[in-house]
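Beneath this line is the structure, given in structure tokens, with notes to follow.
The values are calculated or read from the model by the stated rules, or taken from the named source; none is laboratory data. The shown structure was predicted, so the numbers you read here are calculated from the model rather than taken from an experiment. Here the Cβ positions follow ideal geometry from the backbone for every residue, glycine too, while neighbour counts run over all protein chains shown. What goes into the accessible areas is simple: the full protein's heavy atoms, side chains included, and nothing from ligands, DNA or RNA. Shrake-Rupley method; radii C 1.70, N 1.55, O 1.52, S 1.80 Å.
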2 protein chains.
Amino acid sequence: MQHRVVVVGAGFGGLEVVKGLAGAAVSITFIDRRNHHLFQPLLYQVATASLATSEIAWPIRSLVWNRPEVTTILANVTGVDAERRHVLLERGETVPYDSLVLATGARHAYFGHDEWERYALGLKTLEDATTIRRRILVAFECAERETDPEKQAALLTFVIVGAGPTGVELAGTIAELARDTLPRDFRNIDTGRARVVLIEAGPRVLGGFPDDLSEYALRSLRKLGIEVALGRAVSDCTADSVTYGDVRLATKTIIWAAGVRASPAAEWLGAPADKAGRLQVMPDLTVPGHPEIFAVGDTVTVNGPNGKPVPGIAPAAKQEGKHVATTIKARLRGDAGPRPFHYRHQGSLAQIGKRRAVIDFGWTKLRGALAWWLWGIAHIYFLIGSRARLSVAINWLWIHARNQRGARLITQGEARIDAIGVAAGEETAGANGPRK
Amino acid sequence: MQHRVVVVGAGFGGLEVVKGLAGAAVSITFIDRRNHHLFQPLLYQVATASLATSEIAWPIRSLVWNRPEVTTILANVTGVDAERRHVLLERGETVPYDSLVLATGARHAYFGHDEWERYALGLKTLEDATTIRRRILVAFECAERETDPEKQAALLTFVIVGAGPTGVELAGTIAELARDTLPRDFRNIDTGRARVVLIEAGPRVLGGFPDDLSEYALRSLRKLGIEVALGRAVSDCTADSVTYGDVRLATKTIIWAAGVRASPAAEWLGAPADKAGRLQVMPDLTVPGHPEIFAVGDTVTVNGPNGKPVPGIAPAAKQEGKHVATTIKARLRGDAGPRPFHYRHQGSLAQIGKRRAVIDFGWTKLRGALAWWLWGIAHIYFLIGSRARLSVAINWLWIHARNQRGARLITQGEARIDAIGVAAGEETAGANGPRK
């Protein structure tokens, strides 16, 4: 019987494992609870009405159609029986494996304040993105009709918590949406006067980048009119406000880009994990005591060559996935020695509004318009298939040439003023949301 | 003070009224409970994963941004106070008018069987379309994992009730999705063997078209492998079956394209209506006894030049909208005489799968590949803006050249087997759904 590989999770890491095993004498079961692979680095563009959902997501089956040895299963994994070598699915089904790869990712987390989730929206899934899109657009609609100046100001205040790449990119795009795209559409409000507030507990924005790029990003954000509050942690979120340091700011829209919590892969295995729930894997990406179980991507923590943890970005997950595929193939050839994973940092990128970006290649740094062009070309290159590439390129052309954002649709949920905060649709999104 | 026009509903009819009043000395309030104008003729393509939502919907505000005299309000209308000349909004707000245009459309209706709604999905809004898309894709996913042959057969049976243009187009596209796009993606099932059943109570498909085009459509549908049941009305819908004539067919997916019910515009005014709730307007499209109130589109019934009712299609609603704008402008010039509306039938179109369509121009008829090209060109022409045109053209190119459908995303709702039928997401969609 052929060696059975089960890959759980069809994100960047899991997909790379399946790709890397092409041609190997294995049968693969590819499990995800979603039917699509998601290009998460551009998810904030769906949240800000710049791109459509179908431009950054692909049916998993369509990505492996020409691999007859791959069986795709759409299901929730509920655990792993490491002794019997079974993955457990909802409703008691089991999937046996010889090698298992856990690539189950992470969700946003609220540092022990789960009650903030209904007010501070996270951004990890397509539903998260369309929920944020609806909330932003409804806030402008409600402000247009609001006559109480205080309530109107709260509706026109958009707070982003966390100034990593996602927070910075969200803040920049929301500011541009308000200042460039929307003003001509409204009669009673000046959308250009909307406040975009970026709150960061650390001392600088883009904490993972070199100091001078952080400085540049901060200046660029302020040039876009974004208020950046550094060194202040959020201490409370409600339906009407956010509290950070000694400031209580009235707002109807809080977006959470601050913390993540790994999937329960470590719990499934009873394996050691860090504070964020990330599985602590061996240097060869196997789980301690289980050489047949690998884990990759945002659900693990592993140190890079500089002794620092490998960052939670797409290229890292892909390198890990590729490494696991190579290891499995080597073992099938009888080469069973441990093969430590070596992370090569290819670069970190962040866009800060139109025509501004920062790139840290490690050996060199870039910022400004050239970095922005590289950022755009790199992202289009990494999309899957010519249709998505062409389609995203067209949308970006329209945004940049004409300030038109095509996906300004309020769907799935009420557009009523009193429904903001706890809209009907979010209950649903929430039900699909946190993986616990 | 300027003449105040209030237009309720931003479909084809309402939008045409606003367009037609360009340059007139009026102030316009444009009210819709959605933030977008929807190109309904292509909604079935969203439901079948062929197009993205943002390709057939446009923010209403963006369509009237260059018309400073137009104020757009996103709100639910709850009634009309015809005596005081006020439109009533949710939460007790009122909008005064001098001329009122009701273009509030219609919803699907179940001939007194409202309990069928949770099983037989209607198609009028973007949420309806993404719900149907999810249900179709989840049915294939569930069939792939199902081991009981009877249950598998029910999952692979797709029933469409009503063989008007929408029903025919849905049936054709679902058949192509199953036969051309999906087969290579699945391992356990042959999606090409999925049953698509089209049920029609009348004696032929496309009842509004000439006999020979109906015949051609029927042959084309059967060539696509679609089972067409004519002359049999549906007598029951459940979570697991549909009953028509003496047949009880096991199915998990029923799509309702049979009946519509007009918006409650007639109730708001206490005006005469037909059985489907359509307001019976005067020949000049005003409401009896209220020359200052007009009604257009699917919410009215009015006779055409041949004595037959004007059909409920986009071009008819547009002509009516244009006529109302002309009448209001004439009255402002002091020309207050009644101006009867004359409907000119420009053509009815229906697509029956790839490279087959029927067109009835009245003075001539077309069918086959030429009709299909015209159908495609006409629909792209009637989309709004070059971005949407380009984007739809690209998607169609990929579908026709490579059988790839880009929008095969299961979102908003559970993808679990036991959740089909009453998925969480549908509760939400339903809450936004029927306008009562």
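If I take all pairs of Cα atoms in the protein assembly as shown, what percentage of them are more than 44 Å from each other?
So the portion of pairs separated by more than 44 Å is 31 percent.
Can you give me the convex hull volume of the Cα atoms of region A:279-397, divided per residue and expressed in Å³?
Here the figure is 132 Å³ per residue.
For helix B:126-145, report the angle its Cα long axis makes with the longest principal axis of the Cα atoms of chain B; keep it between 0 and 90° and round to the nearest 10°.
10 degrees
Would you mind classifying region A:52-209 by shape? Square roots of the alpha carbon gyration tensor eigenvalues, ordered a ≥ b ≥ c; an a/c under 1.5 is rounded, otherwise it is prolate if a/b is larger than b/c and oblate if not.
Judged from the Cα gyration tensor, region A:52-209 comes out prolate (a/c at least 1.5, a/b above b/c).
Counting only the heavy atoms of the protein chains, how much of B:Thr104 is accessible to a 1.4 Å probe, in Å² to the nearest 10?
We get 10 Å² for B:Thr104.
Using the beta-carbon distance between B:Gln346 and B:His400 and R0 = 30 Å, what value does 1/(1 + (r/R0)^6) give for FRET efficiency, to the nearest 0.05?
0.70
Give me the inter-chain shielding for B:66-72: mean count of other chain Cβ atoms within 10 Å, whole number please.
For peptide B:66-72, the averaged partner shielding equals 2.
Considering chain B as a Gaussian network with a 10 Å cut-off on Cα pairs, which listed residue, B:Ala350, B:Ala330, B:Ala103, attains the greatest mean-square fluctuation?
Of B:Ala350, B:Ala330, B:Ala103, the Gaussian network model singles out B:Ala330 as fluctuating most.
Between 0 and 90 degrees, rounded to the nearest ten: what's the tilt of helix B:211-223 against the longest Cα principal axis of chain B?
It is inclined by approximately 40 degrees.
Nearest 10 degrees is fine. How inclined is helix A:314-332 to the longest principal axis of chain A, computing both from alpha carbons?
10 degrees
Pop a pseudo-label 7 angstrom from the Cα along the beta-carbon direction at both B:Arg219 and A:Asn188 and give the gap in nm to one decimal.
6.0 nm
Label A:Lys275 and A:Trp65 with points 7 Å out from Cα along Cα→Cβ: what is the distance between them in nm?
Here the answer is 4.7 nm between the modelled labels.
Quote the accessible area belonging to A:Lys151 in square angstrom, nearest 10, computed with a 1.4 Å probe and with ligands, DNA and RNA left uncounted.
120 Å²
From largest accessible area down, sort B:Asp98, B:Asp114, B:Asp360; use a 1.4 Å probe on the protein chains.
B:Asp114, B:Asp98, B:Asp360
At a threshold of 8 angstrom on Cα-Cα distance, excluding pairs fewer than six apart, so keeping six or more, what relative contact order does chain B reach in percent?
Relative contact order of chain B: 20 percent.
When only the heavy atoms of the protein chains count and the probe is 1.4 Å, how do A:Lys19, A:Lys275, B:Lys365, B:Lys223 rank by accessible area, highest first?
A:Lys275, B:Lys223, A:Lys19, B:Lys365
Above 17 angstrom, tally the Cα pairs of region B:112-167 and express them as a % of all pairs, no decimals.
Percent of Cα pairs beyond 17 Å in region B:112-167: 49.
For chain A, modelled as a Gaussian network with Cα springs under 10 Å, which listed residue fluctuates most, A:Thr364, A:Thr191, A:Thr251?
Ranking A:Thr364, A:Thr191, A:Thr251 by mean-square fluctuation puts A:Thr364 first.
Please give the contour-minus-distance gain from B:Phe111 to B:Trp363: 0.36 nm per residue of separation, less the Cα-Cα distance, rounded to one decimal in nm.
Between B:Phe111 and B:Trp363, full extension yields an extra 87.3 nm.
Which whole number gives the average, over all residues in B:383-392, of C-beta atoms from other chains lying within 10 Å of the residue C-beta?
Shielding by partners across B:383-392 averages 3.
Within region B:190-233, whose backbone N sits under 19 Å from a point 7 Å along Cα→Cβ of B:Asp246?
Once the point is set 7 Å along Cα→Cβ of B:Asp246, B:200-201, B:229-233 turn out to lie under 19 Å by backbone N, inside region B:190-233.
For chain B, what are the per-bin percents of Cα-Cα distances with bins 10 Å wide, up to the bin holding the maximum?
4, 21, 31, 26, 14, 4, 1, 0
Can you pull the one-decimal nm distance between simple spin-label points at B:Asp212 and B:Leu374, each 7 Å off the Cα toward Cβ?
For B:Asp212 paired with B:Leu374, the spin-label model returns 1.4 nm.
Taking a label point 7 Å from the Cα of B:Arg232 along the Cα→Cβ vector, which residues of region B:196-225 have an amide N closer than 12 Å to it?
Answer for this model: B:197-201.
Quote the relative contact order of region A:136-193 in percent (integer), defining contacts as alpha-carbon pairs under 8 Å separated by 6+ residues.
Value for region A:136-193: 32 percent.
Please report the accessible area of B:Phe186 (heavy atoms, 1.4 Å probe, ligands and nucleic acids excluded) in Å², nearest 10.
For B:Phe186, solvent-accessible area is about 20 Å².
Compute the distance from the alpha-carbon center of region A:283-317 to that of region B:256-276, in whole Å.
Between the Cα centre of region A:283-317 and that of region B:256-276, the gap is 62 Å.
Ignoring ligands, DNA and RNA, how do A:Met282, B:Met1 rank by accessible area with a 1.4 Å probe, largest first?
Largest accessible area first, the list is B:Met1, A:Met282.
When only C-alpha pairs under 8 Å and at least 6 residues apart count, what is the relative contact order of region B:280-350, in percent?
Taking the mean separation of contacting Cα pairs over the length of region B:280-350, I get 31 percent.
Please work out the Cα center distance from region A:177-231 to region B:84-109, rounded to the nearest Å.
Region A:177-231 and region B:84-109 have Cα centres separated by 40 Å.
Other chains' Cβ within 10 Å of B:399-411 residues: what's the mean?
5
Less than 19 Å apart at the alpha-carbon level, and either on another chain or at least 8 residues along: which aspartates and glutamates does that give for A:Lys354?
A:Glu169, A:Glu176, A:Asp180, A:Glu215, A:Glu227
Per the Kirkwood treatment, what hydrodynamic radius in Å, one decimal, follows for region A:1-106 from the mean inverse distance over all distinct Cα pairs?
The Cα-based Kirkwood calculation yields 14.6 Å.
For chain B, modelled as a GNM with alpha-carbon contacts under 10 angstrom, which of B:Gly353, B:Gly20, B:Gly270 fluctuates the most?
B:Gly270
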